[in-house]
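The values are calculated or read from the model by the stated rules, or taken from the named source; none is laboratory data. This structure is a prediction, so every number in the text was calculated from the model and none was measured. Here the Cβ positions follow ideal geometry from the backbone for every residue, glycine too, while neighbour counts run over all protein chains shown.
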Amino acid sequence: MPTDTKRVRGPEVSQSLSRFICKPETTLPSDGTRADGRNRDQVDVRPVFVRCGLVSQAKGSAYIEAGNTKLICCVYGPKETERKDETDMKCGRLFADMRFAPFSCPERGSWIQGSQEKDLSLMVLESLQPAVCLHKYPRSQIDVNVMVLENNGSALAHAITCASLALADAGIEMYDLVLGCSIRQDGASYLIDPTFLEESGSNWASGENQGSLTVSFLPSLNQISGLQSDGEMGEETLTAGVRTCIEGCYKLYPVIQQALVKAVRGAAPPPSES
Amino acid sequence: MATVQLSEAEKVYVLHGIRDDLRVDGRSCEDYRHMEIETDVVSNTDGSAKVTLGHTAVLVGIKAEMGKPRPAQPAEGYMEFFVDCSANATPEFEGRGGEELGMELTNTLYRVFNNKRSVDLASLCISPGEHCWLLYVDVLLLQCDGNLYDGISIAIKAALFNTKIPKVLITEGEDGVTEIELSDDPYDCVRLSVDNVPCIVTLCKVGPRHVVDATLQEKACSVASLIMAVTPAGTCTCMRKVGGGSLDPESIFEMTEVRGHDPGAPPFPVCPSFFLLPPPVPLSSSSPSSSSSSPSSFFLLPPPLALPFLLLLLFLSPSSSSSSSSFLLSFSSSSSSLLPPPPLALSSLLFLSPSSSSSSLLSPLPLLPLSFLLLFLSPSSSSSSLLPPPPLPLSFLLLLSRCVDI
């Protein structure tokens, strides 16, 4: 970005106004309904809106909206690989890149990819890789770019779903769709598909079993392609959490399938009867 | 990433071995390689440790610096991690080659420590909103032979145990200006509690089974592995799938499973963790005498916490003047008489202090099905020529053993 050095610019460091607001203690209500009307301890994922093929320039693209979490994903390729030094040319290579728009979170982010985004990119890549038939694309690379437009929680899980949908829309051969789902464990109860506030809840310190878990799942192969947790959870809680996430993925599955079928129909309308 | 190329025949050999619970180096699926932990190895740091696990070598240095707390957590200090994959380890890391792996490891470490209980961050606060201690945890990979995660986490735990944060005094001046005073006595320092610092266990799925502490060859045969950061209390602070493959949900549950049907078995059969380190010994000028009165300590956790790892700690006073080689000698001679000669897979681990009778120390060992001994720390006298003798009156020895899972 060109900068005008003659002009007096703003301060180098600025802080978001939200830091100075005296927040009322935003504790999660410990039982019953959540802020958006869903219930705790129920596999109650937010309704999603999904569309394929929005970006005409890309080979495949997808848009997903779950509550206020909005993501767009584009897939380019397969094209000839840029890296020629790779010894293993029998398989194609998948590259994933996940970014947050600077305005996507309550506090402004930077355009430059931070280490958190790199970590999420790696998670997206490792989740998608088992599902793509990379051996069908020798000497080529496939690029997946995910952009988070608005982050209201569970961005990684939806990014994975969105990316696999875009891959399918691009006509890349895959073994299965990849669906992502995350939960936020709060003591003995869990919140599936948490919102941003629930994700960064202020009562992390208190009690046991505070943590979050994201699972990506291949529904028709019954395989887990990605798994990550943080916080501190007991082993049984973790196992239960993984099962809950898988259940959440199955809830998402028909919606994603429909969107895909719709996209295929739209691309090639069925021949008329006459 | 540091990898090796294996031919199909080699892969089949490794795979079939693991199927029959016998790995290329003679271990069974749930055995670790020998491990050496050495603390206080770099004098310019506030805490340091070097861990060798087979041919994997990791050096960790911790530096404490003063900084401003983060606005979101004004009453806490914080930790910064950095993993450097130096080109010493493998030529692939040259230039920017190691960056990707370093970033992956660094981000995982942030995740592992992203909870309130691993390290007491509040104790790093000097004055809320103004000053706090910032711990820079710098990890250097010296050699790569698989299982980097486990080696790094153990090295970080040992280095945190070794970390000495100088005591500072905050005084309020007349005009409302706060002054910070640093104690003149270099021994006047605070130790961190490392009781809840997790250790990472990597479970590598090879064929139908999973192995711990995979070498590079075994890693080349595996499509995916699961890393778990486990605390002594049996909780998990981070779980993550790494690698390009996918796993069956059932195999993930199996990997994390608590062995319910066997009452004698500890939870997390394949997820060992460090035993608690003993409370830090106060460093004072009187410590040589105090250490000679209690030359060693043996720690076994109560059953609910009994993870297969056992950490032993020995304090040697300089007066005992044992070089590490003589220490080893005494170890090997007496161990053979007390325990069966260590076969390849199960080496017995004992732990002797030259100045005290060993029998009392050894008595708990028969309770363990069999265990093996890992590692030692150099006494101040010699052994690691690379590093100057530590300035402390005590250096200590860590022994780590793991019950064999029967």
- Message: For segment A:154-165, check the following and say yes or no: at least one residue is at pLDDT 90 or above, buried (at least 24 other Cβ atoms within 10 Å of the Cβ) and out of contact with any helix residue (DSSP H, G or I) (no Cβ under 9 Å at 6 or more places or on another chain).
- Response: yes
- Unmet criterion (only one of (1) in contact (Cβ under 8 Å) with a residue 40 or more places away in the chain; (2) more than 9 Å from every other protein chain (Cβ to nearest Cβ)) for residue B:234: (2)
- Message: Out of A:76, A:63, I need the residue that is out of contact with any Ser or Thr (no Cβ under 6 Å at 6 or more places or on another chain), farther than 26 Å from residue A:192 by Cα and at pLDDT 90 or above. Which one?
- Response: A:76
- Message: As an exercise: evaluate residue B:52 against (1) surrounded by fewer than 17 Cβ atoms within 10 Å (Cβ to Cβ); (2) not in a loop (DSSP other than H, G, I, E, B) and give the number of the one condition it does not meet.
- Response: (1)
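Yes or no: segment A:149-167 includes at least one residue that is within 11 Å of chain B (Cβ to nearest Cβ), of a type in the set (D, E, K, R) and in contact (Cβ under 8 Å) with a residue 12 or more places away in the chain.
So far as segment A:149-167 goes, no, none of its residues is within 11 Å of chain B (Cβ to nearest Cβ), of a type in the set (D, E, K, R) and in contact (Cβ under 8 Å) with a residue 12 or more places away in the chain.
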- Out of segment A:223-248, which residues are among the polar types (S, T, N, Q) and either more than 7 Å from every other protein chain (Cβ to nearest Cβ) or over 28 Å from residue A:175 (Cβ atoms) (or both)? A:237, A:244
- How many residues are assigned to a loop (DSSP other than H, G, I, E, B) and either surrounded by 14 or more Cβ atoms within 10 Å (Cβ to Cβ) or more than 20 Å from the chain's Cα centre (by Cα) (or both) if we restrict to segment B:1-49? 28
- Here are some conditions: (1) surrounded by 18 or more Cβ atoms within 10 Å (Cβ to Cβ); (2) over 19 Å from residue B:15 (Cβ atoms). Residue B:172 meets all but one. Which one does it not meet? (1)
- Note on the structure: Reported set for segment B:113-164 where residues are in contact with a strand residue (DSSP E or B) (Cβ under 9 Å, 6 or more places away or on another chain), part of a helix (DSSP H, G or I) and hydrophobic (A, V, I, L, M, F, W, C) is B:121, B:124, B:148, B:152, B:154, B:155, B:156, B:158, B:159, B:160, B:161
- Query: Since residue B:240 meets every condition but one in (1) at the interface with chain A (Cβ under 7 Å from one of its Cβ atoms); (2) touching a residue at least 24 places away in the same chain (Cβ under 8 Å); (3) in a loop (DSSP other than H, G, I, E, B), which condition does it not meet?
  - Reply: (3)
- Those residues that are assigned to a strand (DSSP E or B) and under 18 Å from residue B:119 (Cβ atoms), I need them from segment B:202-237; list them, please. B:229, B:230, B:236, B:237
- Message: If residue B:71 meets every condition in (1) in contact (Cβ under 8 Å) with a residue 40 or more places away in the chain; (2) part of a loop (DSSP other than H, G, I, E, B); (3) over 27 Å from residue B:240 (Cβ atoms) apart from one, which number is that one?
- Response: (1)
- Test residue B:270 against the criterion of being assigned to a loop (DSSP other than H, G, I, E, B) and either modelled with pLDDT of 90 or more or at the interface with chain A (Cβ under 8 Å from one of its Cβ atoms) (or both), and give yes or no. no
- Task: Please specify each residue of segment B:93-112 satisfying the condition of being away from every other protein chain (no Cβ under 11 Å) and either part of a loop (DSSP other than H, G, I, E, B) or among the acidic types (Asp, Glu) (or both).
- Result: B:94, B:95, B:96, B:98
